């Protein structure tokens, strides 16, 4: 081997090693880009304030930091030095800087507890407090935002005026490094009594699957109950509609909120309620997907 060839080989090895050690994607001439890691399971989370996580983070939750549970930042988090579109260890909050503990937190934590040690879970959280399901319709969001109160306009603006487009943008980024396994929805308070809600959710789900080249059988939809009647939930009547969603969407599954503790406003869950509901989301998803049986990627990939 000539000295020039040896130097070329050594340089390539060093570049690859640096990429693996520091989680940087290195473009090496003639190399093959790694396929998405089938052991990195990604879930899309959307909805209203309960999916955001009602503001307030209990002190006992702040210390959790497991690198196997990841979040793809949907917006910039200046104080946490998170940048939109980059992966981080899923420490609170997950959705936006002013959000709090949510079902997505204990969903992810529960999932990694029951997966093999070399598997990871990632979430993409794009939620809008107080918004109707129409906020996720790219053909209607402009008119919806125009008529919205200022506080809601500010939340929609955090996603450049189109939460659905932001969700798809991030989901496509996630597909480069992992596999989307499911969708978690917690929404309905602002659509209580709306007979068109099931059809709108169906349209949203089918659009999302088509835009990401996914299939319903491989990517189920989990929809959680609102604060339940046993907690005096102000929108508890909507749970009957949500529970019936599988009649409209065969791959939709209802996650009961019965017994999940609520705050005094009877609209939002308490931290204990979020923990229980998030755990139920994970139990439901685990029953649907045999993630531990997924194969290994073609070659090791760095943590995103």
- Item | By average C-beta atoms within 10 angstrom, highest first, the peptides 188-194, 212-218 | 188-194, 212-218
- Item | Ellipticity estimate at 222 nm from DSSP helix runs (n ≥ 4, -39,500 (n - 2.57)) divided over the chain, nearest 500 | -10000 deg cm²/dmol
- Between rounded, prolate and oblate, where does the stretch 119-190 land on the alpha carbon gyration tensor, with a ≥ b ≥ c its root eigenvalues, rounded for a/c under 1.5, else prolate if a/b exceeds b/c? prolate
- Task: For a quick protection proxy, order the peptides 85-95, 147-157, 103-113, 236-246 by their average other-Cβ count within 10 Å, most packed first.
- Result: 103-113, 85-95, 236-246, 147-157
- Please state the relative contact order of the chain as a whole percent: Cα pairs under 8 Å, 6+ residues apart? 23
- Arrange the following residues from fewest to most other Cβ atoms within 10 Å of their Cβ: 145, 203. 203, 145
- Query: Which label belongs to the value computed from this structure, given these candidates for Cα Rg over 2.2 N^0.38 Å: (i) 0.90; (ii) 1.06; (iii) 0.98?
  - Reply: (ii)
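Readers should treat all values here as calculations from the given coordinates under stated rules, not as data from a laboratory. On a predicted model such as this, the values are computed, not experimentally measured, just so you know. Counting neighbours? That spans all protein chains shown, and the Cβs are built from the backbone with ideal geometry, glycine included.
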